[in-house]
1. Per residue and in cubic angstrom, what volume does the convex hull of the Cα atoms of region 146-197 have?
2. In debye, nearest 20: dipole of the chain around its Cα centre with unit charges on the Cβ of K, R (+) and D, E (-)?
3. Based on Cα coordinates alone, diagonalise the gyration tensor for region 5-115, multiply each eigenvalue by 5, take square roots, and list the semi-axes in whole Å, largest first.
4. Give me the percent relative contact order of region 221-328, please, defined on Cα pairs under 8 angstrom at least 6 residues apart.
5. In sequence order, what are the phi-derived ³J(HN,Hα) couplings for region 79-86 according to the Karplus relation 6.51 cos²θ - 1.76 cosθ + 1.60 with θ = phi - 60°, rounded to whole Hz, with x for glycine and proline?
6. Under 14 Å from the Cβ of SER306, count the other residues' Cβ atoms, weight Lys and Arg +1, Asp and Glu -1, and hand me the total.
7. In nm, what is the difference between 0.36 nm times the number of residues separating LEU25 and ARG257 and their Cα-Cα distance?
8. Using Cα atoms only, what is the angle between the long axis of helix 231-245 and the major principal axis of the chain, expressed in degrees (0 to 90) to the nearest 10?
Amino acid sequence: MPKASVIIPVYNGGDYIGETIDSILSQSFHDFELIIVDDGSTDDTADVIHGFRDSRIRYFHQPNSGKPASPRNNAIRKSEGDIIFIFDSDDIMLPGKLATTVQCMELAPGAGLAFTGFACIDETGTIIDPGFLEKNRTLQQLPKRPVTDQAQLIASRAALRGLAASNYLGTSGVAIRREVFDTVGYFDEEVRNSDDFLMWQSIAHQYDLLYLPRIFHHYRVRSGSISLRNIEERAPGLIACVEKMKQFHSADPDALRLLDERIRRYYFEAGYSCFTQYKLSEARSWLLEALKKKIDQPALFYLCLSLLPASLISQLKQLKHRNSSAEA
């Protein structure tokens, strides 16, 4: 059996999956299998994958689930490696990722999960952020113990509290020991968004995390990605997911407060987005939920404005724009 398994869920990824596979197959570490689960693609994804002639690739097709958790779980169940690398179908794996991660995890047997630094690229492959996690204040402030000159251990309790404030793990940077899934279960297929964020907290609740700061993959930011869709479309799923996260923080009032603030922010952002689109009834519903979490001036302001006729709101916006232009 292979030492490692790289799992990729894919849906209509024909434009990028070939480059992703190339980057994985070119790793210096060879003792791995590549499990690709196609979540009902309707483009040329299957043709691109079948164009590779490498015995390490195992391709599976399933009916479309509409949720990344389903093909991820399917891939985990079909995998055989001791360490399972999670990877997205449009990201690029950089040289040395598999070898370095496996080596560091062997030196930190108490760590259930390892994650690495990453850079962001656009749809053309141009780097738009050379070190995304370097700016993550939560991650940088977490106490860490050096394991090697390339890896730092973050104790379970600190890692979990940090995750209440910020998701500081990039999905394609994550590697998880097989036995961890036997303990915490698989990705939650009931949530529509942030199933990975929920999983990281489930793991941190019971295991230490291992951080490798080196940049080991390129995360592709695409205009059609789920994270860039209208917040009001994603908010129900995000809120439901954060509510589930609370189970891991039941003994930490500060963490629960942070999670409630995240929920309040989702309600407000959804309300504001609806307001800007003149969906005033929907805006009021979202904003009222935000105010139930916390009374604050912006939510009250836009709730009051949403009671006005759309035509009057439009006139007020035009007046504000003219005044801003005149001042400039």
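1. 120 Å³
2. In total the dipole reaches around 1240 debye.
3. Taking √(5λ) for each eigenvalue gives 24, 16, 11 Å, largest first.
4. Once normalised by length, the contact order is 20 percent.
5. 7, 10, x, 6, 10, 10, 8, 8
6. Here the count lands on 0.
7. Full-extension gain reported as 79.1 nm.
8. 60 degrees
The values are calculated or read from the model by the stated rules, or taken from the named source; none is laboratory data. Everything numeric here is computed off the predicted structure, so don't read it as measured data. Cβ atoms come from the backbone with ideal geometry, glycine included; neighbour counts cover every protein chain shown. Calculation scope for accessible area: heavy atoms of the full protein, side chains included, ligands and nucleic acids excluded. Shrake-Rupley method; radii C 1.70, N 1.55, O 1.52, S 1.80 Å.
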